[in-house]
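The values are calculated or read from the model by the stated rules, or taken from the named source; none is laboratory data. Keep in mind that this is a model prediction, so the values were computed, not measured. A quick note on method: Cβ atoms are made from the backbone with ideal geometry, for glycine too, and the neighbour counts reach across all protein chains shown.
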Amino acid sequence: MSEKAIFDGVTPNQMSFVTEHFKSHGLVKGDTTSGVATVHGVPMDYSYDNASQLLTVAIREPSERMSVAKIQDLVGRLRQAHDKTAYDELGPGYNHVDVTMENNSGKTLIFAGADVEDGVIDIKVQDLPTGQTEYIFQAKSSTASVIGCRGDVTYQIDPQTMVTMSYHLHGKAIHSFTVAVNGQNAKMYRVSARDTEAGYDCAGAYTYMRPTVVVNKA
């Protein structure tokens with residue numbers, strides 16, 4: 001059963017901005033009055049009435065992946081992006097993920113690569129000796145993108161065993177952080193992550209996650 005998100009007071013210029021933003025990422029088939037948007041693989045029918053300035057978005061198959069709260073967050077930030085010229089003041093349009101790692105593996109963890117889908121990344125620690133805890137990387141949204149940040153970062157325990165962290169922050173309503181150990185000697189280690197919830201900084205100007213990843217011997 002579909003669920004609807006309704007936005008009032010959406011100006012024609014805001015609607016044009018939102019529509020073109022989704023189109024630029026290949027997510028919309030339609031125009032500023034009606035069409036289908038597909039976000040995170042979930043189709044949504046939208047319609048806009050110019051006279052009443054009412055936008056209605058019907059999520060065909062609501063789920064944890066895409067809910068009314070998430071589409072309200074996304075469209076709300078895009079409307080803010082249209083109205084503000086200082087993007088650093090945008091409501092949760094600037095996203096940053098600050099990751100700390102605690103290494104109790106008995107090995108030096110070595111940065112092995114990053115696969116960035118959205119945003120940019122700054123690797124702060126290349127080698128993390130055992131027994132140390134360091135702030136290892138920051139991922140963040142590209143300037144004024146309003147898209148958020150998403151990707152994977154991998155550290156090597158040994159040449160056959162890797163720790164991979166997967167992050168996604170797209171406003172407080174859309175966020176995830178997971179960590180896994182894979183490879184030949186994976187059963188010799190245990191990994192976990194805490195503090196993976198998203199929050200707001202500066203009265204909502206920034207959305208953040210500040211996870212801590214712990215790598216232990218099994």
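Couple of notes before you dig in:
- Count - residues of region 84-122 that are aromatic (Phe, Trp, Tyr), at pLDDT 95 or above and surrounded by 21 or more Cβ atoms within 10 Å (Cβ to Cβ): 0
- Qualifying residue in region 30-38 (condition: polar (S, T, N, Q) and exposed (fewer than 15 other Cβ atoms within 10 Å of the Cβ)): yes
- Any hit, region 62-74, residues being modelled with pLDDT under 85 and over 18 Å from the mean Cα position of the chain (by Cα): yes
- Of the criteria (1) within 22 Å of Glu117 (Cα to Cα); (2) at pLDDT 90 or above; (3) crowded, with 16+ Cβ neighbours inside 10 Å, which one Tyr189 fails: (1)
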